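Everything on this sheet refers to the single structure shown next.
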Amino acid sequence: LEHSVEEVHNSQKSGSKGTIEGPYYVPDAPVHGASATIDMRADEPGTPMRFYGQVRAVDGTPLKNAKVELWHADDLGYYSQFAPGLPEWNLRGTFIADDEGNFEIFTIQPAPYQIPTDGSCGDLIAAAGWHAWRPAHLHLKLSADGYDLLTTQLYFTGDEHLHDDVAGAVKPELILTPSPTADGKGVEQRYDFVLDPS
């Protein structure tokens, strides 16, 4: 249902593709500048990732001070504030783009995970004969004064669940293919966002 509502709501927009928010968003994550490392543990497991790009309007205007909210699961598929033992704001942050709408975030590449299978959700999955897996993804909210909020998720080439995501939220435009960094110690990905006027 959430997926269908999102499709209808965004069908007339010409900016970047949106998709569902998911259940793990928490507002008011720590605020950082345009280039920063997301809050994480000193020994955070996983592949380091540099995620960067530009936020602009549909007419190409860079959006100064656009807000980029990012949150995602860790290398084991767990979200802070929804799993024990993780720091409160682990892998959650708000980044304020520079005068040209540019941002650069240092984080780690998340892992796929299974959604909870207890209660009515589990009953539905069992009755339908589905699996409970979601492909690895980044969650984002992009906003700027005078522009519609964009809520989206970005996925990764090669994930075995890209084509059978239990949430049905994957779209071709949202699939990333990160490149190795120059030092060979991680990956990097550019992704630009285009916002529709309000």
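Under the condition of being surrounded by fewer than 17 Cβ atoms within 10 Å (Cβ to Cβ) and closer than 16 Å to Phe103 by Cβ, the residues counted in the stretch 150-190 number 2. Scanning the stretch 77-96 for residues being in contact (Cβ under 8 Å) with a residue 24 or more places away in the chain and open to solvent by 50 Å² or more (accessible area, probe 1.4 Å) gives a total of 6.
Of the residues screened, Asp99 is one that is under 30 Å from Asp59 (Cβ atoms) and either at pLDDT below 95 or open to solvent by 60 Å² or more (accessible area, probe 1.4 Å) (or both).
Pairing each residue of the stretch 125-150 that is within 30 Å of Lys64 (Cα to Cα) and at pLDDT 90 or above with any residue that is open to solvent by 60 Å² or more (accessible area, probe 1.4 Å) and part of a strand (DSSP E or B), provided the two are 6+ apart or on different chains, yields C-beta distances under 9 Å for Lys141/Lys67; Leu142/Lys67; Ser143/Lys67; Ala144/Lys67; Gly146/Pro197; Tyr147/Pro197; Asp148/Pro197. Looking at the stretch 51-63, is at least one residue among the β-branched types (Val, Ile, Thr) and closer than 23 Å to Pro112 by Cβ? So far as the stretch 51-63 goes, no, none of its residues is among the β-branched types (Val, Ile, Thr) and closer than 23 Å to Pro112 by Cβ.
The values are calculated or read from the model by the stated rules, or taken from the named source; none is laboratory data. Values in this document were obtained by computation on a predicted structure and should not be read as measured data. Backbone-built Cβ (ideal geometry, glycine too); neighbour counts: all protein chains shown. The protein model used for the area step is the full one, side chains on, heavy atoms only, and it has no ligands, DNA or RNA in it. Shrake-Rupley method; radii C 1.70, N 1.55, O 1.52, S 1.80 Å.
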